[in-house]
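Visitor: Shown below is the structure under consideration.
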Amino acid sequence: MFMTNREKTILELLLKTSGRHSSLSIATYLQVSVRTVHRDLKNVEKILEPLGLHMIQSEDKSLHIQGPDKAIFKLAQELTKIEPVDLPAKERKLLLFLKLFHSGEPLKTGPLAKALNISATTLSGYLDELDDWIQDFNLTINRKRGVGINMIGTERSKRKALGNFYLFYFNEDLIAAIFQINHSVLENSQLVLHYFKARYLSEIERAMKKNIGNLYAELADSDYISFMIQVCIALQRYESGWSLNADSEHDAERTEKIEALPFIEKICATLTEQLSVELPEREKAFLATILKGSRLQSAESIYFDQVITGKAIKKLIQHVSQQLNIDLTSDFSLFQGLMAHLEPSLFRIRKDLRSFNPLTQQIKDQFPILFEITEKCLNQVFGQIRFPDDEIAYIVLHFGSALEQRKQSRSVRALIVCPTGIGASKMLAARLRKEMPELYSVSVASIHDMGQMNLKDYDVILSTVHLPKQIIPCLFVNPLLSKEDIEAIHQVSQQLSKNATGLNVLPVTAQKESKEAPNRNLWSLMGDIDHAQTAIREIMQHFSVIPIRHADRMETVVRQLTECVYDESLISNPEAVCQKLLEREQMAGLAIPGTTMALFHCRDQSVRNLCFKVAHSDQPFDLAAMDGSKLPVSNFLLMLAPDNLHPIEQEVISTISSALVEDRESTLVFASANEAMIRAKLEAIFYRFLIHKF
């Protein structure tokens, strides 16, 4: 089966978004004339005929591929194996990048141009563009007459640049390839996008799924894929003899406690068993650094022991609120989202890891004032740290989402699949609540989650990337929800309402809303108050200061502390809780800078009630602090919570961790080991919380 790149692209568009494209929209997408598309469609029909498939055009000019599902699945398989007789410019640039990436010696201009099937002039233009791209990664392309062309820079920089190149130009292709690997569409011997071994990607995916429970939080889809391809690059490069060099950056990685390292150890052990490639410590440390800088999928999965970051985020929200003249300080969902994003964001900036944000320019154009305010407030709060535009744009999405939700809050119905991260998902959900009254609920899922869900429970999928054909309608939308997207969703929802056999998707009448809304709001408010009261009662009832004498090491203090909690029947498995706390200390600094306190915190299924305790040791122990330094710690603060927490309970816990460094007086009270003083302080904190919240 032979076809051009345009013909292959048309087939892929029709398979992924059947019914969404007409000849005109395809022409716009491909940046060619409608006449050219009509000519290509004739060839596409000839390609479909041997498979028993036909292309039909509806009354609204939309195009569909019609035929048995088995034949459509076979077509999808064939498309993954076909190399078009012509290649698009971005694919030729990728091949150029890969040739320079693989070569240890300078390449001659003539043979290189011939291998890419382009002229020397075109090659020169591609090299200029590629040189501009890789400069952000401290790489350069060296061109010397009589010597040749080569890429200059460290192995680390080359890997980071290649990974980002794939994410920027081939993000959807990667998502489709991983989806096909999971569904056994790709053969193990195939190369994905000219480089990645399909079997390696498959085994990496299995290893990550097997050990994902050991990771401290879920990753955003785009960062999940980014990490997958970095692991694949590491395996293939190391196997080919291109290992990482020892340098000061590696020394920093090795000496710093990296939270992600235990997870890396586990997946590397699995990959060694399956692929017989054993990565050395230097490679593992590099991958751990990449993973620690990844963005999170779920804001609820974060730890609240990063009190310094939490304090800075509260300041940031206050500054932005003052600039906007809108009070966002009580928006816990905003605080959660920013906490989940800024921890890895600050790590990425410190490690000079670029974060690819495909929406940056659109966010700057659509929210210029909010972008400017956010940038200004970040500079005020974080001082010397310079946030690049891509990072600022993600933070703007969090504030934009909070502002959208304040404008209008409605119940909506749809499944949102958004691999870009928390901020983009929340922004899209908020926009839907405002713009789409005919949809009556909204759920947000990652691509990974979607594969495990029963899609028949939903009527429509709204995805910010092109997904393979699903059993329910799937619309490709912009995360910021354009007018065209809104119109398309209106059309689909209207069609669903006509054909509905189960759930009613017709708009709820205003009269019905006015009668039911107060009751729903009342019961919701009463439920939140109950959760808040229960959480505060549990904490206050079981709070105490425990003296620890003659402990020989920090582990002894933590073990005695968990045994005391067990004796009060607050936990059922003290060994599991103790192990989690110690593992947490090994992964990240817990000592609070400028104090003698360390905050030990975990969530575990054996925890029966919320618990906050303070252990005062007569012997100080040197522990790693949250800012990377070492501090003598004599006051061990313990915060325990069950695995499943209500959002209000999370907010109560967060209130305590924020108060620890709220001001100098608060810090002195919590470090005093005086039970009466700390209890009075907690009462004041919770009283203020309840008055402010309700």
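A quick yes/no check of all residues on (1) of a type in the set (A, V, I, L, M); (2) more than 17 Å from P642 (Cβ to Cβ); (3) out of contact with any strand residue (DSSP E or B) (no Cβ under 6 Å at 6 or more places or on another chain); (4) exposed (fewer than 14 other Cβ atoms within 10 Å of the Cβ):
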| residue | (1), (2), (3), (4) |
| --- | --- |
| I546 | yes, yes, no, no |
| V558 | yes, yes, yes, no |
| L561 | yes, yes, no, no |
| V565 | yes, no, no, no |
| E575 | no, yes, yes, yes |
| L581 | yes, no, no, no |
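Visitor: Can you name the residue in segment 101-117 that is touching a Lys or Arg at 6+ places or on another chain (Cβ under 9 Å) and assigned to a helix (DSSP H, G or I) and, of all such residues, is surrounded by the fewest Cβ atoms within 10 Å (Cβ to Cβ)?
Guide: Taking segment 101-117 and keeping what is touching a Lys or Arg at 6+ places or on another chain (Cβ under 9 Å), we get 101, 106-107, 109, 112, 115-117.
Subset that is assigned to a helix (DSSP H, G or I): 101, 109, 112, 115.
Values: F101: 18, T109: 16, L112: 21, A115: 13.
Filtering segment 101-117 for residues that are touching a Lys or Arg at 6+ places or on another chain (Cβ under 9 Å) and assigned to a helix (DSSP H, G or I), the one surrounded by the fewest Cβ atoms within 10 Å (Cβ to Cβ) comes out as A115.
Visitor: Please go through (1) surrounded by 12 or more Cβ atoms within 10 Å (Cβ to Cβ); (2) closer than 30 Å to I134 by Cβ for Q57 and return the number of the only condition it doesn't satisfy.
Guide: Every condition holds for Q57 apart from (2).
Visitor: Another question, then. Looking at (1) at pLDDT 75 or above; (2) surrounded by 21 or more Cβ atoms within 10 Å (Cβ to Cβ); (3) over 18 Å from Q180 (Cβ atoms); (4) not β-branched (V, I, T), which is the only condition N478 fails?
Guide: (2)
Visitor: For residues that are of a type in the set (G, A, S), at pLDDT below 90 and surrounded by fewer than 18 Cβ atoms within 10 Å (Cβ to Cβ), tally how many sit in segment 626-683.
Guide: Going through segment 626-683, the residues of a type in the set (G, A, S) turn out to be 628-629, 634, 641, 654, 657-659, 666, 671-673, 676, 680.
Subsequent filtering for residues that are at pLDDT below 90 retains 628-629, 654, 657-659, 666.
From the residues that got through so far, the ones that are surrounded by fewer than 18 Cβ atoms within 10 Å (Cβ to Cβ) too are 628-629, 666.
Here the count works out to 3.
Visitor: Within segment 204-224, can you find the residues that are at pLDDT 85 or above and surrounded by fewer than 23 Cβ atoms within 10 Å (Cβ to Cβ)?
Guide: First pass over segment 204-224, keeping only residues at pLDDT 85 or above: 204-208.
E205, R206, A207, M208 - these are the residues of segment 204-224 that are at pLDDT 85 or above and surrounded by fewer than 23 Cβ atoms within 10 Å (Cβ to Cβ).
Visitor: Quick check on segment 375-385: of everything there that is touching a residue at least 24 places away in the same chain (Cβ under 8 Å) and closer than 25 Å to P479 by Cβ, which residue is surrounded by the fewest Cβ atoms within 10 Å (Cβ to Cβ)?
Guide: Here is the first cut: in segment 375-385, the residues touching a residue at least 24 places away in the same chain (Cβ under 8 Å) are 376-378, 380-382, 385.
Now drop any that are not closer than 25 Å to P479 by Cβ, which leaves 376-378.
Values: K376: 13, C377: 22, L378: 21.
Among those residues, the one meeting the criterion is K376.
Visitor: Here is a further query. Kindly provide the set of residues from segment 451-468 that are under 16 Å from L174 (Cβ atoms) and not small (G, A, S), ordered by number. Reasoning before the result, please.
Guide: Step one: filter segment 451-468 for residues under 16 Å from L174 (Cβ atoms), giving 451, 463-468.
T464, V465, H466, L467, P468, listed by residue number.
Visitor: Would you point out the residue of segment 603-625, among those that are surrounded by fewer than 19 Cβ atoms within 10 Å (Cβ to Cβ), more than 30 Å from the chain's Cα centre (by Cα) and among the charged types (D, E, K, R), that is farthest from Q650 (Cα to Cα)?
Guide: Only one residue tops the list, namely D618.
Visitor: Of the numbered conditions (1) farther than 19 Å from L682 by Cα; (2) in contact (Cβ under 8 Å) with a residue 60 or more places away in the chain, L638 satisfies every one except a single condition; which is it?
Guide: (1)
Visitor: Same structure, new question: Just one of the numbered conditions (1) in the same structural domain as F286 (by TED's automatic domain parsing); (2) more than 20 Å from V231 (Cα to Cα) is not true of W133; which one?
Guide: Going through the list (1) in the same structural domain as F286 (by TED's automatic domain parsing); (2) more than 20 Å from V231 (Cα to Cα), W133 breaks only (1).
Visitor: Answer yes or no: is there a residue in segment 119-132 that is crowded, with 16+ Cβ neighbours inside 10 Å, part of a helix (DSSP H, G or I), in contact with a Lys or Arg (Cβ under 8 Å, 6 or more places away or on another chain) and aliphatic (A, V, I, L, M). Quick ask: steps written out before the conclusion?
Guide: Within segment 119-132, the first condition is being crowded, with 16+ Cβ neighbours inside 10 Å, and the residues that meet it are 123, 126-127, 130.
Restricting the remaining residues to those that are part of a helix (DSSP H, G or I) gives 123, 126-127, 130.
If we keep only those that are in contact with a Lys or Arg (Cβ under 8 Å, 6 or more places away or on another chain) as well, we get 126-127, 130.
With aliphatic (A, V, I, L, M) added as a condition, the list becomes 127, 130.
Yes; the residues of segment 119-132 include at least one that is crowded, with 16+ Cβ neighbours inside 10 Å, part of a helix (DSSP H, G or I), in contact with a Lys or Arg (Cβ under 8 Å, 6 or more places away or on another chain) and aliphatic (A, V, I, L, M).
Visitor: Report, by residue number, each residue of segment 14-34 that is more than 14 Å from L467 (Cα to Cα) and among the polar types (S, T, N, Q).
Guide: Answer for segment 14-34, where residues must be more than 14 Å from L467 (Cα to Cα) and among the polar types (S, T, N, Q): S22, S23, S25, T28, Q31, S33.
Visitor: Sort out for me the strands (runs of 3 or more DSSP E) sitting completely within segment 362-465 that have 2 or more residues that are within 20 Å of G337 (Cα to Cα) and modelled with pLDDT under 80.
Guide: Working: elements: 415-417, 443-445, 461-463.
Those strands (runs of 3 or more DSSP E) span 443-445.
Visitor: Which condition does P358 not pass, out of (1) surrounded by 20 or more Cβ atoms within 10 Å (Cβ to Cβ); (2) assigned to a loop (DSSP other than H, G, I, E, B), if it passes all the others?
Guide: With (1) surrounded by 20 or more Cβ atoms within 10 Å (Cβ to Cβ); (2) assigned to a loop (DSSP other than H, G, I, E, B) applied to P358, the lone miss is (1).
Visitor: For segment 128-139, check the following and say yes or no: at least one residue is in contact (Cβ under 8 Å) with a residue 40 or more places away in the chain and either at negative phi or of a type in the set (A, V, I, L, M) (or both).
Guide: Scanning segment 128-139, I find at least one residue that is in contact (Cβ under 8 Å) with a residue 40 or more places away in the chain and either at negative phi or of a type in the set (A, V, I, L, M) (or both), so the answer is yes.
Visitor: Here's another thing I want to ask about it. Run down L271, L244, L291, L287 and say which single residue is modelled with pLDDT of 75 or more and part of a loop (DSSP other than H, G, I, E, B).
Guide: Numbers: L271 fails: part of a loop (DSSP other than H, G, I, E, B); L291 fails: part of a loop (DSSP other than H, G, I, E, B); L287 fails: part of a loop (DSSP other than H, G, I, E, B).
Result: L244 is the single residue among L271, L244, L291, L287 that is modelled with pLDDT of 75 or more and part of a loop (DSSP other than H, G, I, E, B).
The values are calculated or read from the model by the stated rules, or taken from the named source; none is laboratory data. Everything numeric in this text was worked out from a predicted model, so none of it was measured. Methodologically, a virtual Cβ is constructed for each residue, glycine included, from the backbone with ideal geometry; neighbour enumeration extends over all protein chains shown.
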